Every structure is written in structure tokens, then in C-alpha cells.
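Heads up: the structure comes next, in C-alpha cells.
The values are calculated or read from the model by the stated rules, or taken from the named source; none is laboratory data. Since the structure is predicted, the reported quantities are computational estimates derived from the model, not experimental observations. FYI the Cβ positions are ideal-geometry reconstructions off the backbone, even for glycines, and counts take in every protein chain you see. Quick note on the areas: whole protein, heavy atoms, side chains included, nothing else; ligands and nucleic acids left out. Shrake-Rupley method; radii C 1.70, N 1.55, O 1.52, S 1.80 Å.
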Amino acid sequence: MTDHYAVIGNPIAQSKSPLIHAAFARQLGHDLSYDALLATPETFETVVRQFIADGGCGMNVTAPFKLDALALSGRLSERAQAAQAVNTLSFTPEGIVGDNTDGVGLVNDIQDRIGLRLAGCRVLLVGAGGAARGVLLPLLQAGPADLLIVNRSPQKARALADNWATRYPVRAGGFELAGKQHFDVVINATSTGLSDAPLNLGDGLYAPGALAYEMSYGRQTPFMQEAHRQGVARITDGLGMLVGQAAESFRLWRGVLPDVLPVLQQLRQG
Ligand code: ATR
């Protein structure tokens, strides 16, 4: 029997999720369908409930509905609770379960593909919006020695860090804090990856051999260009995170984690 899944968002035509999940299904010999569903804020809940009524097993949720998906979930994973956003819905006999796989996608991409262990590292997370909040807990759980969150509006970074500062080595402030030490990993979670707005973090940020990680993908962003200018050893966009979050969603639904690398290579080849 074919199991049905989908991604929901607006816009949605550009989504790579149907391609990624079809590739996972082929890789593992699973019988499933995966569609792209367009909704508006007014129709989001109706579209989801209709999908469930039609026998749907699970859904990925992308912009702008991650908060709507949070509100619709009867039960939340710890990481979805921490992210205050849901990108994966599972439709179970007990109801709608909300999870967030973005952070695991990022951590696995850094550790498994790039080969950099986060344990003991000094990490700089730039940005304090939804993208940063979505990955913060899994990053902290990976065991960095120190995680500094900096944001254009420092109070937003501090509010984010305050949630976790009693349990993890996390600090926060404005951009001026970033230039005061070296980092092994610098992650751009600001929306400057989607525009051409410059991101001025200053020089001397990167430790030798450091990694510059841009969470958006598809082009050389100002953050990546700046890292090149500074001679950073390892620079990557977030395509591996995209495939990684999909893989973790697949695992939640189907109990087996697909191999990310061949699918990532397929996407890079266009
Ligand atoms: P997202 O879901 O992509 O995180 P968001 O919640 O609107 O979107 O957050 C956008 C993030 O990018 C914020 O951290 C924002 O900084 P502020 O909180 O100070 O607004 C950051 N950002 C956007 N444009 C920026 C720019 N030109 N320079 C620096 N940071 C920027």
C-alpha cells in the first residue's frame, strides 16, 4: 500500500522536498507518494485536515506555516517546543505530533558530511530570528565548549540565550562581541542569506581551519563572499542541512534514516 506524504507552504512550487523524498524512497525501496501543497493562512488548517482525512501519514511544513503547524500539533517534541516552530507533522492514531528536524539536519551536515565534531568547539551563531531559534537546542546538545549568539538587535539574542544559559554554555549580545574571540564554526542564521544585504561581522573571527556555514542555499551570499575574502578554510551553503532535515523527517515517519550524500550530490548536479 502506498503511504502519502506532502510538503505544505506558500510559495511551494520551488520546493525541493518532493524530489528529495522521492530519492529517499527509491534508495530504500519504500512505496510512498510525496506531493507539494499550496495553502494560504486561511486555508492551512483545512488543507492539513483534508490530507489527514484522505489517509495522509505525515507532512513537512515550510514558510510561512511553521507557527501554524506548532499551533495545530496536539503533542510536540522537545526540539519543536524549543524551536517554537514545527517543520514535520506525523499523523498518528493519538493525533497530530509536531517535530522540528532543522537543527538535527544542520548538526548532522556539520558532523557527518563536513567531518567537524561540534563537541568542544567554539561556535558563533549569527541571527536570533526563527532560523536561529530552530537550530539552537540541537546545536547546544552537540556539546560545544561555548556558543555565542550575536544579532543586529542584541536583546533578541539575549532573550534566546536566556532560555538555555542555566543548562548550556551559551552567551549572547550584539555584533561587536563577535570580534573579541576566534571561532571554530560560524553559522549565518540571518535572513541576509536570502537578500544581498551585507553582513559586517568584522575581521579576525575565524580560528585556523574554521568552518563558515551559510544556512540558506542556492547562491554565494554576502556571508560566504566575506568568508572567502578572509581566507576561511571551509565554506558551505545549507543544501546539506536541507537534505539532512528531510532525512530526519523520513526517519520519524518510516523508522529508517536515508543516506543523505547521494541525494545531495544529485541536487548539486541540478
Ligand atoms: P528567519 O526566519 O529567516 O530567521 P526572522 O525571524 O525575520 O527570519 O529573522 C531574521 C534574522 O535576520 C534576524 O536575526 C535579523 O536581525 P534583527 O533581529 O536585528 O532584525 C537578521 N537580519 C535581517 N537582515 C539583516 C541585516 N541586514 N543585517 C544583519 N542582520 C539581519
Completion exercise
Heavy-atom accessible area of residue 110, protein chains in place, probe 1.4 angstrom, given in Å² to nearest 10, is 0 Å²
Fill in the blank from the handout: Measuring from its Cα centre, segment 103-237 shows a charge dipole (+1 at each Lys and Arg Cβ, -1 at each Asp and Glu Cβ) which, in debye to the nearest 20, is 260 debye
Handout entry: In order through segment 178-188: 3J(HN,Hα) via Karplus (6.51 cos²θ - 1.76 cosθ + 1.60), integer Hz, x for Gly, Pro
Key = 4, x, 8, 8, 9, 10, 7, 9, 10, 10, 8
Practice task
Using amide H atoms built 1.01 Å from N in the peptide plane, name the residues 5+ places from residue 211, or on other chains, whose amide H lies under 5 Å from its own.
Solution key: 185, 186
Problem - Residue-normalised accessible area of the chain, expressed per residue, 1.4 Å probe, Å² - result: 44 Å²
Exercise for the section: In whole Hz, with x marking every Gly and Pro, tabulate ³J(HN,Hα) for segment 250-255 from phi via Karplus 6.51 cos²θ - 1.76 cosθ + 1.60, θ = phi - 60°. Expected result: 4, 4, 4, 7, 10, x
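Just the number, please: carbon plus sulfur as a percent of the accessible area of segment 103-237, 1.4 Å probe, no ligands or DNA/RNA counted. All intermediate terms of the calculation are to be shown ahead of the outcome.
On the way: 2860 of 5760 Å².
Answer for segment 103-237 is 50 percent, counting heavy atoms of protein chains only.
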Handout entry: Hz values of 3J(HN,Hα) by residue in segment 57-66 - Karplus curve (6.51, -1.76, 1.60), Gly and Pro given as x
Key = 9, x, 8, 8, 10, 10, 4, x, 10, 5
Exercise for the section: Could you tell me the accessible area of residue 75 in Å² (1.4 Å probe, neighbours in place), rounded to the nearest ten? Expected result: 140 Å²
Practice task
Taking the dipole about the Cα centre of segment 103-237, with the C-beta of Lys and Arg at +1 and of Asp and Glu at -1, give me whichever of 232, 179, 216 is farthest to the positive side.
Solution key: 179
Practice task
Compute the longest continuous run of the chain that contains no exposed GluC sites (Glu not before Pro); treat a site as exposed when its DSSP state is not H, G, I, E or B and it has at most 16 other Cβ atoms within 10 Å.
Solution key: 95-270
Exercise for the section: Name the shape class, rounded, prolate or oblate, that the alpha-carbon gyration tensor gives for segment 149-270, where a ≥ b ≥ c are the square roots of its eigenvalues, rounded holds for a/c under 1.5, and otherwise prolate holds if a/b is larger than b/c and oblate otherwise. Expected result: oblate
Practice task
For residue 58, enumerate residues with amide H under 5 Å from its amide H, sequence gap 5+ or separate chain, H modeled in the peptide plane.
Solution key: 6, 91
Practice task
Among 136, 106, 170, pick out the residue whose Cα is farthest towards the positive end of the charge dipole of segment 87-193, where Lys and Arg carry +1 and Asp and Glu carry -1 on C-beta, about the Cα centre.
Solution key: 170
Fill in the blank from the handout: extent check for the chain: Cα max minus min per principal axis, descending, whole Å, gives 56, 38, 32
